[in-house]
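Notes to accompany the following structure.
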Amino acid sequence: ETFADGIGKAVQSGGASLERVSGKEFDGNEDGGALYVSNRTHDYDAADFNYTDLGIQNGKTYTITVKGYVDAEATVPDDAQAYLQTVDKSYGWLAGAAFRAGEAFTLTKEFTLDTSSGDTQLRVQSNSAGATVPFYLGDILITEKADSGGGGNEEPPRDPALPFSTITFEDQTPGGFEGRSGTEKL
């Protein structure tokens, strides 16, 4: 999600306001399109992304990378951090990064989606120290691990083996073997 044409698949969490902005270039967001998450009073005033809207599937392994930014004029308390979590039931913590005024942050994590936890969404929020800090999300990239299938490490189907005869050399012949240079005696 690049937020080039709107707020994309983002859903408001808590009392946060979600607004698409343009011209907000920062490291990892060269196109300037971003989601501004403001009106924050609680750590959970944030942006949620439903698993079904994202098209991610149970049992598969993904890497998620979130690029964000905090304005230079923002008041940022000590120890304020951005968090990436799974939410609805377990509130599983995936990644964290420090909020610093005027600086970009990156949240990244490889994880295997497990819906048995009851979670149905990813959330980009803050810790309690950063509850009032407004922030931007510029780019969210989710990639599926190539060997991720949810069914274990199964090999792809192969053609059946061709029939063969055992060579024992009991008949005192080379059994079809030949020397490499033609000068060897077999």
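Derivation of every value follows stated rules applied to the coordinates shown; laboratory data play no part. Keep in mind that this is a model prediction, so the values were computed, not measured. Cβ atoms come from the backbone with ideal geometry, glycine included; neighbour counts cover every protein chain shown.
Legend: calculated FRET efficiency, Ala129 to Glu19, from the Cβ-Cβ distance at R0 = 35 Å, rounded to 0.05, equals 0.90.
Backbone N atoms of the stretch 165-182 closer than 19 Å to the 7 Å Cα→Cβ label point of Asp159 belong to residues 165.
Label sites at Lys89 and Thr108, each approximated as a point 7 angstrom past Cα along Cα to Cβ, lie 3.1 nm apart. Put a dot 7 Å past the Cα of Leu186, heading toward its Cβ, do the same for Ala74, and the two dots end up 7.3 nm apart. Label positions at Ser117 and Gln57, each projected 7 Å from the Cα along the C-beta direction, are separated by 2.1 nm. Of the labelled figures (1) 45; (2) 27; (3) 40, only one reflects percent of Cα pairs over 28 Å apart as derived from the coordinates, namely (3). Among beta bridges from DSSP that stay inside the chain, the antiparallel ones total about 100%. From helices alone, the chain scores -500 deg cm²/dmol at 222 nm; the rule is -39500 (n - 2.57) for each run of n ≥ 4 DSSP H residues, then divide by the residue total. For the peptides 104-115, 51-62, 162-173, the ranking by mean Cβ contacts within 10 Å, running from highest to lowest, is 104-115, 51-62, 162-173.
Put simply, the amide H of Ala95, placed in the peptide plane, has neighbours under 5 Å in Leu84, leaving out anything fewer than 5 places away on its chain.
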